[in-house]
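The values are calculated or read from the model by the stated rules, or taken from the named source; none is laboratory data. The shown structure was predicted, so the numbers you read here are calculated from the model rather than taken from an experiment. All Cβ positions, glycine included, derive from the backbone under ideal geometry; neighbour counts span all protein chains shown. When the accessible area is computed, the model is the full protein with side chains, heavy atoms only, and any ligands, DNA or RNA have been set aside. Shrake-Rupley method; radii C 1.70, N 1.55, O 1.52, S 1.80 Å.
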Amino acid sequence: MWRTGLGILMFWARFSKASFIASPYTVDSIKAMASRRTPLGIAHTFSGLGLDRSRVETELKEVAAFESALKTDGAAFALFHGTSALITKERQTKIVYQTGDMLQKLYGISIEQLQPTNKSSRLTTSGNSSSAPYFPCVALGASVSGWAFAVDVSKRSKEDVESKAEAAGEVAVQFEPVRALLAVLTEEDIAVAGLGASILAWHRQHQHCGVCGSPMIAVEGGGRRACTSCRNRAYPRVDPVVIALVTDPARDMVLLGRQRVYRPGMFSCLAGYVSQCESLEEAVRREVKEESGISVGDVMYHSSQPWPIGRGASCQIMVGYIATATSMDISMDTDELEDCRWFSRAEVAGAKELVVSAALDPTGENPGGLSIPGPYAIAHHLIKHWLLTTTPQEASGGRNKL
């Protein structure tokens with residue numbers, strides 16, 4: 001079991017100062033993360049959460065159980081401000097986890113202010129009739145050593161939280177947007193950051209019932225929201241998105257598109273949301289046709305990737321495909337794309353595989369050549385898969401078939 005204070009036994013594998021917890025992963029949980037790899041051996045970013053989330057469903061459905069878990073010796077708390085996670089850059093960039101004691105000591109946040117429902121906002125401080133601030137808290141999962149939680153401290157200023165930790169003589173900490181941490185956090189930490197930021201954002205965006213308009217409250221460890229008036233319940237939103245690398249085997253080329261928000265020189269695979277009553281394969285064909293005017297025949301599944309930093313802080317599941325084109329003439333939707341082209345194998349093989357941190361260069365320039373998303377994105381792996389598993393015109397006969 002864990003012990004609080006300076007003698008705390010940290011269940012995270014990496015060293016940190018005594019008042020901070022570096023990681024809730026054990027050797028067993030890290031080994032278990034091997035199961036996140038796809039059949040192709042790819043370990044996608046955001047899929048490396050080494051915590052048992054099923055225990056949230058089975059053990060923390062009742063408010064009393066959630067409250068009890070918050071107070072266990074092994075409880076570890078990651079702090080979020082909007083879609084930014086609290087990190088430290090000492091020796092290694094990593095998520096900062098704290099004990100319940102340190103939440104109280106550094107920030108004056110008591111465990112009682114982390115209750116799973118809005119009822120906790122009615123708690124009153126000692127000798128004061130005003131309500132104590134309520135900090136949304138959700139259970140992320142458990143390891144063999146304890147529970148891990150995400151806490152939304154958006155009601156405080158970022159500077160206030162950061163400065164109080166440093167004033168107490170602890171490690172220097174700062175809030176960083178999850179998107180900016182893609183290339184610098186470990187696989188385990190980026191998964192925690194993505195899950196914590198996305199589920200807390202979902203709670204912030206679903207304060208009222210979509211049926212009757214009454215306030216909603218978080219229940220079941222933060223995994224659901226329930227209406228305080230009618231029987232309606234809301235579940236965390238996950239938007240399905242198909243993303244496809246469209247190939248032309250006859251010419252040994254691939255189709256890539258460019259959005260206006262991309263860094264200079266970058267092209268990527270075509271992608272779009274799945275519509276109602278539409279199969280994933282149908283969505284690939286429709287989206288490619290809408291954005292590029294290219295018709296698609298064969299569609300082959302590749303892998304999927306969670307993407308909790310989607311548009312409007314949404315959480316998406318990116319479902320990747322390799323598709324075969326049956327037409328060649330591009331008719332681009334200029335509302336969706338800034339550019340769309342066929343690229344040869346040589347051009348793709350020479351692409352500058354820039355990582356996110358490279359975009360922080362003051363010039364923001366990419367001097368010449370094709371650039372594709374870095375290995376944090378499924379598009380990167382779709383393109384690499386095509387390069388590594390196909391050869392120029394393996395079947396030299398004729399036009400691509402349906």
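Classify segment 149-296 as rounded, prolate or oblate, taking a ≥ b ≥ c as the square roots of the eigenvalues of its Cα gyration tensor: rounded when a/c is under 1.5, otherwise prolate if a/b is larger than b/c and oblate if not. Cα axes put segment 149-296 in the oblate bin. Using only alpha carbons, segment 268-308 has a radius of gyration to Kirkwood radius ratio (Rg to Rh) of 0.95. What is the gain in length, in nm to one decimal, between GLU62 and THR334 on full extension, counting 0.36 nm per residue of separation less the C-alpha to C-alpha distance? Gain in length upon complete extension: 92.9 nm. Within the accessible surface of segment 176-296, defined with a 1.4 Å probe on protein heavy atoms only, the carbon and sulfur portion equals 51 percent.
The rule of thumb for compact globular proteins, 2.2 N^0.38 Å, goes into the C-alpha radius of gyration of segment 229-365 1.17 times. Taken along the Cα-to-beta-carbon direction at a fixed 7 Å, the label points for TYR301 and ARG55 span 3.0 nm.
Partners of LYS158 within straight-line reach, counting aspartates and glutamates whose Cα lies under 14 Å from its Cα and excluding those fewer than 8 residues away in the same chain: GLU166, GLU176.
Quick check on my link table: of LYS94/LYS155; LYS61/LYS105; LYS71/LYS155; LYS352/LYS384, which ones sit more than 18 Å apart, alpha carbon to alpha carbon? Among LYS94/LYS155; LYS61/LYS105; LYS71/LYS155; LYS352/LYS384, the Cα-Cα distance tops 18 Å for LYS94/LYS155; LYS61/LYS105; LYS71/LYS155.
Could you tally the net charge around ASP152, taking each other residue with its Cβ under 13 Å from the Cβ of ASP152, Lys/Arg +1 and Asp/Glu -1? In short, +4.
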